[in-house]
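> Quick one: structure below, then a few questions.
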Amino acid sequence: MQNQEKILDHIKKNPGHTQSQITYRLDIPQSTVKYHLIQLTKENKIFSEKLFKTHYFPVGIDAKIKIKTCIESNFNLKNIYENLINKMSLEEIATSCDISKSIASKRLQVLESMGAVKKIKVEKKIRFCRK
């Protein structure tokens, strides 16, 4: 199997992986992976989405699967999403996940941009909850 086919097959089986994750798991040089990702994108077989890093997906992927795989492939996203109960403040989320408020804030922005989390105002305070 050629490198491009291996990469496309990997993305279909593991949607949402980053270039570095693909490089590591397939043990193909980073420059080769990068080249083939560009080619596959030009051929409209995959697309990329910049979240906090660039993630790659097969064309035609279901939105719910895209969100699920992105969350599962990043420890902090998964940690925040799993610990997000009811309506929580940024401070509550950071504390429950044992991460800094800065990291929590950045990852919440990613989750919000994907449509997994929504930001609401409750009594003049910003809270987050799952969608």
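Bear in mind these aren't lab numbers, they're just calculated from the coordinates by the rules spelled out. No experiment lies behind these values; they were computed from the predicted model shown. Note that we place each Cβ from the backbone using ideal geometry, even for glycine, and neighbour counts take in every protein chain shown.
> Label points 7 Å out from Cα along the Cβ direction at residue 44 and residue 83: separation in nm?
4.3 nm
> Considering only the other residues whose Cβ falls under 13 Å of the Cβ of residue 81, what net charge follows from Lys and Arg at +1 and Asp and Glu at -1?
Neighbour charge sum, excluding residue 81 itself: +3.
> With +1 on each Lys and Arg Cβ and -1 on each Asp and Glu Cβ, how big is the dipole of segment 17-90 about its Cα centre, in debye rounded to the nearest 20?
Computed about the Cα centre, the dipole is about 140 debye.
> Here's another thing I want to ask about it. Treat each spin label as a single point 7 Å out from the Cα along the C-beta direction, and report the residue 52 to residue 30 distance in nm.
1.9 nm
> Provide the gained length on full extension for the span residue 12 to residue 65, in nm with one decimal, where the gain is 0.36 nm per separating residue minus the Cα-Cα distance.
The residue 12-residue 65 span can extend by a further 17.9 nm.
> For the pair residue 95/residue 2, report the inter-label distance in nm, with labels modelled 7 Å from Cα in the Cβ direction.
5.7 nm
> Can I ask one more? Apply the Karplus parameterisation 6.51 cos²θ - 1.76 cosθ + 1.60, with θ equal to phi minus 60°, to every residue of segment 111-126 and state each ³J(HN,Hα) to the nearest whole Hz, in sequence, with x for glycine and proline.
4, 5, 5, 7, x, 8, 9, 10, 9, 9, 9, 10, 6, 6, 10, 7
> Per-residue HN-Hα couplings for segment 24-39, Karplus 6.51 cos²θ - 1.76 cosθ + 1.60 at θ = phi - 60°, whole Hz, x for Gly and Pro?
In residue order, the calculated couplings are 5, 6, 9, 6, 10, x, 4, 5, 5, 4, 4, 4, 5, 4, 5, 5 Hz.
> Hey, what did the chain get for relative contact order, percent, Cα under 8 Å, at least 6 apart?
After rounding, I find 20 percent.
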